[in-house]
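Since the structure comes first, as structure tokens, the remarks are kept for the end.
The values are calculated or read from the model by the stated rules, or taken from the named source; none is laboratory data. Source: prediction; values computed, not measured. Virtual Cβ from ideal backbone geometry, glycine too; neighbours counted across all protein chains shown. Protein only, heavy atoms only, side chains kept; ligands, DNA and RNA dropped before computing areas. Shrake-Rupley method; radii C 1.70, N 1.55, O 1.52, S 1.80 Å.
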Amino acid sequence: MSRERFEELVSDALDGVPVELTRLMDNVVVLVEDEPPEHEPSDLLGLYDGVALTERDSNYTFREPDRIFIFRNPTLAMCGDEAEVVAEVRITVVHEIAHHFGIDDEALHALGYA
């Protein structure tokens with residue numbers, strides 16, 4: 001799958017997030033990278049790098065945006081066809097957005113997003 005098509009799927013997944021939630025997202029960008037950073041597991045599908053909304057206080061000012069990374073190659077490696085990629089990208093995008101809202105992996109697992 002081309003990078004352009006994968007980026008479209010990430011964009012579609014973001015479009016599927018309810019507007020009520022996206023309106024609450026603050027100072028965060030979503031990026032597609034081919035591979036996770038060297039110090040992370042090679043099969044990592046997504047990563048939230050930032051300060052969750054639940055942890056921000058009055059000192060949270062003039063900061064670079066939080067970053068949500070979606071990793072293309074590990075996602076493609078684990079999926080057998082485009083339908084699986086679509087589903088996995090959706091799950092990964094929701095999972096990382098949940099971290100932005102301060103939801104941990106245990107809660108995400110219980111909800112089926114881990």
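Residue check, Pro74 against (1) farther than 21 Å from Asp104 by Cα; (2) within 13 Å of the chain's Cα centre (by Cα); (3) open to solvent by less than 40 Å² (accessible area, probe 1.4 Å), all met but one. Which one?
Going through (1) farther than 21 Å from Asp104 by Cα; (2) within 13 Å of the chain's Cα centre (by Cα); (3) open to solvent by less than 40 Å² (accessible area, probe 1.4 Å) one by one, Pro74 breaks only (2).
Of the conditions (1) closer than 16 Å to Arg5 by Cα; (2) not in a strand (DSSP E or B), His95 clears all except one; give me its number.
(1)
When residues of the stretch 20-55 are filtered for being more than 21 Å from Glu7 (Cβ to Cβ) and free of Cβ contacts under 8 Å to residues at least 12 places away in the same chain, how many remain?
Number satisfying all stated conditions: 5.
Suppose we filter the stretch 84-112 for residues that are free of Cβ contacts under 8 Å to residues at least 60 places away in the same chain, open to solvent by 70 Å² or more (accessible area, probe 1.4 Å) and either β-branched (Val, Ile, Thr) or closer than 25 Å to Glu8 by Cβ (or both); how many remain?
Within the stretch 84-112, residues that are free of Cβ contacts under 8 Å to residues at least 60 places away in the same chain, open to solvent by 70 Å² or more (accessible area, probe 1.4 Å) and either β-branched (Val, Ile, Thr) or closer than 25 Å to Glu8 by Cβ (or both) number 1.
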